[in-house]
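Worksheet: the structure to be examined is printed underneath.
The values are calculated or read from the model by the stated rules, or taken from the named source; none is laboratory data. Everything numeric here is computed off the predicted structure, so don't read it as measured data. Glycine also receives a Cβ, built like all others from the backbone with ideal geometry; neighbour counts cover every protein chain displayed. For the accessible areas, the whole protein counts, side chains as well, though only heavy atoms, and no ligand, DNA or RNA atoms are used. Shrake-Rupley method; radii C 1.70, N 1.55, O 1.52, S 1.80 Å.
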Amino acid sequence: MNSSPTAPVANAALRALFNAQYQASRARIDVPLAMRRDRLLRMRALLVDGGDALAAAVQADFGVRSPQLTEIADLFVLRTMLHHTLKALPKWIKPVKVSTPIYLQPSSAYLQRQPLGVVGVVSPWNYPVQLALGPVITALAAGNRVMLKPSELTPRTSALMAELIEKAFAAEELCVVQGDGELAAEFSSLPFDHLFFTGSTAVGRIVAKAAAANLTPTTLELGGKSPCIIDASCDMESAAIKIAHGKLLNAGQTCIAPDYVLLPKGSEGAFGEAFAKATAQLFPTIEGNPDYAAIISPRHHDRLQALLAEVEGEGARLQRVGADTGPSAARQMVPVLVFGAKADSKLLTEEIFGPILPVLPYDSMDQAITHINARPRPLALYWFGTDTASRDKVLAQTVSGGVTVNDTLMHIAHENLPFGGIGESGWGSYHGEAGFLRLTQQKPVLVSSKWGRGDVFYPPYGKRFTQVMGLLKRWF
Ligand code: NAD
């Protein structure tokens, strides 16, 4: 086994780490509350002691990414998750009694909540601490052993997480392996008891196939195109600042960022003005502004520029928002609104994941709903307005991973709301008890009573059987 947390892990070392966790998980099935709490408290201490260094590492990996953003979107989210989990865990781990139907009485029944065993976690680069350690915390709370493969695009952050975790945890409790897509593919082919993947839909498909070969259940937290609907009843200015905040946080590199805006035809100009004003308020400058994140890599920057070039070439109108000082050495990309993009352009068919916001006018809300339902089910949906009948119609007639009404992103921060996607935006959810249960085996247990008369159903099927069945038929 490679002992350096910063060195890549070779295949044999990966297997050895998995085997150690697997053996440990089978040697100790029951993981009591005290042991789970101890692991979570060590994670909390790790975040307290290492929080500033982690924020600095994220900053260094991005080039520009404010430590305050990492504080709110990574560290605070994890601290609230830990707080909620530590408080609720004594209740969550208890067996849950269920009522027993009359034909099985006086037996009793309950659900015994047990760890699954070894959970693999693969995480992306955009919120590299939150999206790595959030699933880890969930898995530890559920009493599992965990192997984490963080993103290779944030190497400093991944190395620091590995170092901090190695100091605080035994490798058979929690360990980090580092490497690129090739290693990640090997990682995904390990026979985990559950594989928790956060990343793109394209890689999610590969991960699901690799896991299926082992019959390993997966949770897939993927991406997609999350619509943001502006209703005719909406106050444009207050909506614009919330949309600009949700879109431009981390420069649009957020899985649940609004991907495109649907608005009543004729209000494009008003939205363009309000969005520009809101952007200027949040980010008075773009280049050199420490609050405005850089695009993670030259490849992603080029991809975003190519999306713009394609639609501009096809006649779309681009509204660059904020002072455009030309190409940015720091890859701080000026936000762009796009009007009139073609329906089959990459901009309108692929996840954008950057500060470009296409604006699509609709004639009626029915048309907007049809647009959404003709596409893969989105990870998030946003609706802005005061007309509650219109809101309820949209909520009733669309299906998405989650919704925030009159704001963006915020449903992810609510620990009592499961977070996850549906269809191409993923499956399975976490946060709060939903996450705990996702990574827990709820084992059904029926305890038969010595007073039970199940023998009335045994052969040979005589008169008594017919009488009892006759009685039961009155109920069922
Ligand atoms: P990505 O899919 O390129 O990479 C994610 C992880 O998968 C990385 O750790 C990578 O090493 C690994 N990987 C690469 N090839 C693999 C393979 N063949 N087998 C297994 N793993 C492999 O995603 P990304 O670029 O890091 O992140 C951006 C994407 O993630 C966007 O699509 C975004 O919407 C999505 N995302 C989703 C959520 C969510 O909670 N739903 C959160 C953040 C990001």
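With Cα atoms defining each centre, region 91-129 and region 446-467 are spaced 31 Å apart in the structure.
Ignoring lysines fewer than eight residues from K247 along the same chain, the ones with Cα atoms less than 24 angstrom from its Cα are K225, K265, K277, K342, K346. With the cut-off at 1.5 for a/c, could you classify the chain from its C-alpha gyration tensor as rounded, prolate or oblate? It comes out oblate by the Cα gyration axes.
In vacuum, with every alpha carbon of region 227-420 counted as one equal point scatterer, what does the Debye formula give for log10 I(q)/I(0) at q = 0.10, 0.15 Å⁻¹? Two decimals, please. Calculated log10 I(q)/I(0) at the listed q: -0.38, -0.88. Taken per residue, the accessible surface of the chain reaches 44 Å², heavy atoms only and a 1.4 Å probe. Distance from the alpha carbon centroid of region 209-228 to that of region 278-357 works out to 28 angstrom.
For K393, give me every one of the aspartates and glutamates with a C-alpha distance below 14 angstrom, ignoring sequence neighbours fewer than eight places off in its own chain. Once the sequence-local aspartates and glutamates are set aside, what remains near K393 is D231, D366. Each peptide among 212-221, 460-469, 274-283, 53-62 gets the average number of other Cβ atoms lying within 10 Å of its residues, and from highest to lowest they stand as 53-62, 274-283, 212-221, 460-469. Shown for region 227-420: the carbon plus sulfur share of the solvent-accessible area, taken with all protein chains present and a 1.4 angstrom probe, equals 54%.
When the C-alpha to C-alpha distance is required to be over 27 Å, the pairs from K87/K443; K97/K450; K97/K209 that qualify are K97/K209.
Computed over protein heavy atoms with a 1.4 Å probe, the carbon and sulfur contribution to the accessible area of region 9-49 reaches 56%.
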